[in-house]
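One structure is given here, and the rest of the page talks about it.
Bear in mind that the values in this text are calculations on the coordinates, not laboratory data. Keep in mind that what you see is a predicted model, and the values were worked out from it rather than measured. Cβ placement follows ideal geometry from the backbone for every residue including glycine, while neighbour counts extend to all protein chains displayed.
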């Protein structure tokens, strides 16, 4: 789960990470009030959306007076911010964060994350922070330093010291950087985050370190033990259909194409989407039915495909096994099709594995107009054709 | 011979009396797996599926001589269950539990260092020795004893790949689902080493997906070792939108790493035969096998 910048800043501050003074606002008037209370010579007004690349997209405004803060908030609030990470439809701005302006020199990068290659938490740091950190890292991998943390030992200041020096810090700033590193490590561990990232971490004109932007990703699988963090979820950030799907034991991501896709298993779903794209098709979604799904849940998922006005044809690719059997999928499909009021799109079914014959009998017996495919290649070819011509 | 499993593999199930565990262990027994009991704290002394239930792994090992455990414990208590089995020095753990918090897995992985235990998973489909033994949740359907070793991060694709390698008349020596989680037990490289040392395995099939760097690490290993057995691979997610979570906890790109195109390129440059699509995995493995 992603959280907003202002929420992440609030969390890391509790662990000793210095951040600029600021406050969140939902209206231009609130933004002006925040600015007046901050009493600073300049302000930064930042759109709060779950996406990077805000600066280049105009989502971060530097202003001089509280009145200008109000004007900046007025233009951002209610707009849709399109960044290189949001897709063309952008993200609605419902809140802005107003901060005191800070004079600074160098921009650093520092993050705590679960490093999959070693299966441990690692601190990552670079002397080249700021926007386009990914590109910079790709071009010059040598500028990235890493400190892997042994979970039995925890955070060791001496090692963090070396990491701070590796990114060009010296003297008293090394100690300040160690405090920041310790803070983000603690925040990651105690909040069950998979990423705590400060980019940029700046050296202010006064020589202090300050976290100008903070991104935090929480581990969805650990939210059961963090009721307080669950409350930070911003429902407006999630596609409504994706939220609905979550209730039905479906992993669902909305895409832009016209072929509705239902698959059991994430890997098989990814592979199916690859096959569709390679065959000239364009998927409308990624839908992975979880093994524990019931007939009713499958029906709800299938209804979501039928209700999507963009969908011109549907592909169901199931490999029955484990607990989810093909007949459960067929029952759910039949239930959704029977309840559907308007004309059904062409539907292609590839069912293999446990109870695939039974699935076929159920669909044929209930007179659900589907076309059966013998394997994945056959199924994708048929559905791409059906989406183009409107008939299976 | 298979890898990981042996003729005398004796299996206990942690979380034995749960619904999923009961369903799959019943099928494992019917398949011929030597299931010797289960562990459910508080239910020691009872019987389930006609087998003894114990309170602890140590007691179960003592009484049954078990040397493997299928972990079906819910995510909240699965980490402690795995650590208990590691401390009891069970040689093989297969954990099928999904949605375990990643920092808990960091702790479990630390306990594996220097331990006798090999962990498969979590979020594993299991380990299958066709016709002989299965531990996990994979369907026994189209598998056939044969010569291809399969190691896969994706459960659903594994069934597909087993079907295709059977159709290609290659069959399987062992199929191992290493799971799709970010922090996990045995890796592609561990399985490659085991398959390379296994006389029954004549070719290796590696099934990867977006996220992480496991495929790149496997490619580097292959490049360095230059193994004599043919290796084919498939990587899912070439057309997945970036920055989105596609079902698995492990499929998030951090720092540009983890893209399917990069993984495919790394594997190709190591001499691995990469299937152009999921429909051609069996055929690709067949071509790779003929080349030797």
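Ranked from largest, the principal axis spans of the Cα set of chain B equal 55, 40, 32 Å. The long axis of helix B:188-197 is offset from the longest Cα principal axis of chain B by roughly 90 degrees. In this simple spin-label approximation, residue A:106 and residue B:62 carry label points 7 Å from Cα along the Cα→Cβ vector, and these lie 6.1 nm apart. Put in order of Cβ neighbour count within 10 Å, fewest first, the listed residues B:13, B:133 become B:133, B:13. The GNM of chain B, with springs linking C-alpha atoms under 10 angstrom apart, assigns the highest mean-square fluctuation among B:111, B:142, B:228 to B:228. Over the residues of chain A, the helix contribution to mean residue ellipticity at 222 nm works out to -11000 deg cm²/dmol, using -39500 (n - 2.57) for each DSSP H run of at least 4. Counting, for every residue in B:103-115, the Cβ atoms of other protein chains within 10 Å of its Cβ and taking the mean gives 4. The equivalent ellipsoid that matches the C-alpha gyration tensor of segment A:239-389 spans semi-axes of 19, 17, 16 angstrom, in descending order. Per residue, the convex hull spanned by the Cα atoms of segment A:266-340 amounts to 80 cubic angstrom.
With the gyration tensor restricted to C-alpha atoms of segment B:141-289, the semi-axes of the equivalent ellipsoid amount to 23, 16, 14 Å, longest first. Sorting B:200, A:230, B:209 by the number of Cβ atoms found within 10 Å of their own Cβ, with the fewest placed first, yields A:230, B:200, B:209. Suppose we keep just the DSSP beta bridges with both residues in chain A; what percent of those would be antiparallel, to 5? Within chain A, antiparallel bridges account for around 75 percent of the total.
What fraction of the DSSP beta bridges in segment B:47-206 is antiparallel, stated in percent and rounded to the nearest 5? All intermediate terms of the calculation are to be shown ahead of the outcome.
On the way: 9 of 26 bridges.
Looking only at bridges with both residues in segment B:47-206, the antiparallel portion is about 35 percent.
Looking only at other chains, what is the average number of their beta-carbon atoms within 10 angstrom of each beta-carbon in B:178-186?
Average neighbour count from other chains, rounded to a whole number: 2.
Put a dot 7 Å past each Cα toward the Cβ at residue A:310 and residue A:117; how far apart are the dots in nm? Between residue A:117 and residue A:310, the simple spin-label model gives 3.6 nm. Here the average projected area of the convex hull drawn through the C-alpha atoms of segment A:21-101 stands at 4.4 nm². Rounded to the nearest 10 degrees, the angle from helix A:295-307 to the longest Cα principal axis of chain A is 80 degrees.
Among beta bridges from DSSP that stay inside chain B, the antiparallel ones total about 20%. Using a Gaussian network model of chain A whose springs link C-alpha atoms within less than 10 Å, name the residue from A:125, A:40, A:271 with the highest mean-square fluctuation. The residue that fluctuates most here is A:271.
Tell me what chain B gives for mean residue ellipticity at 222 nm when only DSSP H runs of n ≥ 4 count, each as -39,500 (n - 2.57), the sum divided by the residue total, rounded to 500 deg cm²/dmol.
Roughly -10000 deg cm²/dmol at 222 nm, from the helical runs in chain B.
Relative to the longest principal axis of the Cα atoms of chain A, helix A:5-14 runs at roughly 50 degrees.
Within 10 Å of the Cβ of each residue in B:134-142, the mean number of Cβ atoms contributed by other protein chains is 3.
What FRET efficiency comes out for residue B:1 versus residue A:165 if R0 is 56 angstrom and r is the Cβ-Cβ distance? Round to the nearest 0.05. Using R0 = 56 Å, I get an efficiency of 0.60. By the count of neighbouring beta-carbon atoms within 10 Å, fewest first, B:8, A:234, A:307 end up ordered B:8, A:307, A:234.
The percentage of C-alpha pairs in the protein assembly as shown whose separation is greater than 41 Å is 32%. Using a 10 angstrom cutoff on alpha carbons, build the Gaussian network for chain B and name the most mobile of B:197, B:140, B:236. Of B:197, B:140, B:236, the most mobile in the Gaussian network model is B:197.
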